[in-house]
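Down below is the structure, laid out as structure tokens.
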Amino acid sequence: MNLIPRGCSGIGGELASCMEDFRNRTLRLFASYGYNPFNPAEFQLLEGTAASLALRHRQRLIVLNSPFGEPCCLRADITLSAVSYLSQHFSPEDFPLRLCYAERVFAAPRPPKENLEETQVGVELLGWEGAGADVEVVALLLRALDRLGLDKSVVVLGDASIVPRLFAGVDRMSGGLSRLLVDQLQEGAYYDYRRTVDAAADLSEGDRGILRELPALKGSADVLAEAADLFGRFGSPEAARLLHPLGELARSLDRLGYGGRIRVDLGFIRDLGYYSGPVFNAYASPSGGLLGGGGRYDRILSDIGLSCQAVGFGLRLRDLALACKPKGCATDALIWSGALAADCAMRCAESLSCRGVSVELSWKLEENDSRALAHRRGCRWWVNLKDGYAEELATGVRVSPEEITSAGGADGC
Amino acid sequence: MLTFALPTGRSFAACVEILENAGLPANGLRDPGRNLVIDGGTDGGGRRYRYLLGKPSDIPTLISQGVADLALVGSDVTGESCAELAELLDTRRGRCYMAIAGPPELASRFGGHSSELMGLRVATKYDRTARRTFEAWGVQIRILYLHGSVELAPALGLADCIFDIVQTGGTLKANGLSVIKRAAEVSLRLVADPGALQLRWDDLRSAVSALEKNT
């Protein structure tokens, strides 16, 4: 009766308050950049979702039949919902579409994790041409992290298109070599990746050299220069052009003042299976704590006949809140009405609330019980309406209820 | 500081040897006593090495939870754990293999059509790997999960065969079993937390290169 399904969690207290605060602040920020709220359906059709995701994510879908008999899964990916919304409701003349959301996604966990669900907050920018969209979205991600106080957070940039585009020609001969290499990089199987590169008969020595060293190019944005050298050294100066989108993105972010918080990883290919350009991960600090990430996913749009760009990101709200170490969320004042009529307490509550003071009403009969509750709640003030005073619990100072102020500076009426 | 997770048990000595051969600071690892956290000393660049000693099956958790940056662990363990790990190197040490073993008369079923194997009762402590292996052959099996002494299961009629690690084959022979099919090679691998790779590659690089050169 009092248990919930394994893998689920009910979140309350400070963490829930912090998550709600972050949700509101990030959505307000996104709205101020023209992103409109998006409430995707909780179910997704299984066929389209499974077709767009990499195998390891397909296997984690939580599948069910809708009451109408349609094979569905619980929403596993908000990007796919956003693309579906775009294609159903907008013509190309209406592009671009800017969406923001704070919604749950569901998937079977990978051990040792156990959670079946998580709330993500993020944006999707669909149908915009040019590199500006990538800069806009990554800068917005960093701005959101700043807004939440995570000013030591780090964003790691990669590009999912480099390996496939480098070997588009080779692929015809070697039957999907680049697909295999991408899969191995996605799974973090660096050793197998290197073995595949060494064993591939169709590769020129130059291509082999580039492929061997590419995943080891990680660090500050300087590795892009190292990569250009590498491409030049192995006789592929034209291939160096593939680094331009990432280089432009890194330079723009540097000019925006984020240079110190940007890392580059040329072996990084986000593993959902649909990314097709610059990709990025966001960490809470230089020592770790993955918060989420995103990237370019033009291919999903091209799969439904739209030839334009799309880019977005999602951050896990719970991890964001934990990274910020939630502070106390106690209400400012507990109001005790004593034997007075309830409407007196309600009027006082409304008056304080309109001045930005957060309140809770106490209907206890005994004064001491109410005061003890205020202590347990961590309230700053205990208001005794019966005798007409407010007491600051830490100091014992008494003032009139009209003099109470909010510690948090909440919005007034 | 660089934190390395190492498995206790029979592969521990090989891990220490690998680290020493690579010239990484490994003070105190030869005789750790009951200590589970060992200060290995510093390398030439002044970087301190700390070692966490854990049960082999716990090593992937130490890595995927970000407690350790790097680890040496058997590929049987990483395959079974499903944790998100980056596998950087095959050290070629601690080599053995995963195999299906059973009474010799079972071999003929493996030589025939896959339908003869449907519903096979397999005793193992590597249930995920066993299921994955048979499914790749198009065969659905029934797993009997045992924590150890899996060789007992066929003799007691609990299972038709076992799916386990084989080193010399001595235990199999002693229990009237023989290897029917090899499934995968196993060796000690160098693994890392994918997040640590992205954020701290400059710190990890020298250790990874030293291990790569000396294996």
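Please treat every number below as a calculation from the coordinates, not as lab data. Every value quoted in this text rests on a predicted model; they were computed, and no experiment measured them. As a convention, Cβ positions derive from the backbone with ideal geometry for all residues, glycine included, and neighbour counts pool all protein chains shown.
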Checklist entry - Ordered by packing density, taken as the mean number of other Cβ atoms within 10 Å over each peptide's residues, highest first, how do A:196-205, A:176-185 rank? => result A:176-185, A:196-205
Item to check | Tail weight of P(r) past 20 Å, computed on alpha-carbon pairs of segment B:54-136, percent | outcome: 46
Checklist entry - What does the average come to when, for each residue of peptide A:289-298, you count the partner chain Cβ atoms lying within 10 Å of its Cβ? => result 1
Checklist entry - So how far, in whole Å, is the C-alpha centre of segment A:204-264 from the one of segment A:126-167? => result 16
Item to check | Over segment A:268-383: Rg over Rh, Cα atoms, Kirkwood Rh | outcome: 1.34
Checklist entry - What is the count of Lys pairs in the protein assembly as shown whose alpha carbons sit under 17 Å apart, if the two are 8 or more places apart or on different chains? => result 4
Checklist entry - Using the 10 angstrom Cβ neighbour count as an exposure proxy, how do B:T133, A:T79, B:T168 rank, fewest first? => result B:T168, B:T133, A:T79
Checklist entry - Among B:G46, B:G138, B:G74, which one shows the biggest mean-square fluctuation in a GNM of chain B, springs joining Cα atoms closer than 10 Å? => result B:G46
Checklist entry - For helix A:132-147, what angle does its Cα long axis make with the longest principal axis of chain A, in degrees from 0 to 90 and rounded to 10? => result 30
Next on the checklist: Using Cβ contacts closer than 10 Å as the measure, can you line up A:L140, A:L125, B:L146 from fewest to most?
Outcome noted: B:L146, A:L140, A:L125
Next on the checklist: Give me the inter-chain shielding for A:101-113: mean count of other chain Cβ atoms within 10 Å, whole number please.
Outcome noted: 2
Checklist outcome for this item: Candidates B:I162, B:I100, B:I38; GNM for chain B (alpha-carbon contacts under 10 Å) flags as most fluctuating B:I38
Checklist entry - Can you tell which of B:L156, B:L197, B:L29 shows the greatest fluctuation in a Gaussian network model of chain B with Cα springs below 10 Å? => result B:L156
Checklist entry - Hey, what angle do you get for helix B:127-136 against the long axis of chain B, alpha-carbon based, 0 to 90 degrees rounded to 10? => result 60
Item to check | Part-to-part distance (alpha-carbon centres) for segment B:35-71 and segment A:384-406, which is given in Å | outcome: 55
Checklist entry - Over what distance in Å are the Cα centres of segment B:144-167 and segment A:22-60 separated? => result 45
Checklist outcome for this item: Footprinting proxy, B:R182, B:R109: sorted fewest to most Cβ within 10 Å, the residues are B:R182, B:R109
Checklist entry - What is the average number of partner chain Cβ atoms found within 10 Å of a Cβ in A:27-33? => result 0
Next on the checklist: Let me check I've understood the local charge: for A:L29, count other residues with C-beta under 9 angstrom from its C-beta, Lys and Arg +1, Asp and Glu -1. What total comes out?
Outcome noted: +4
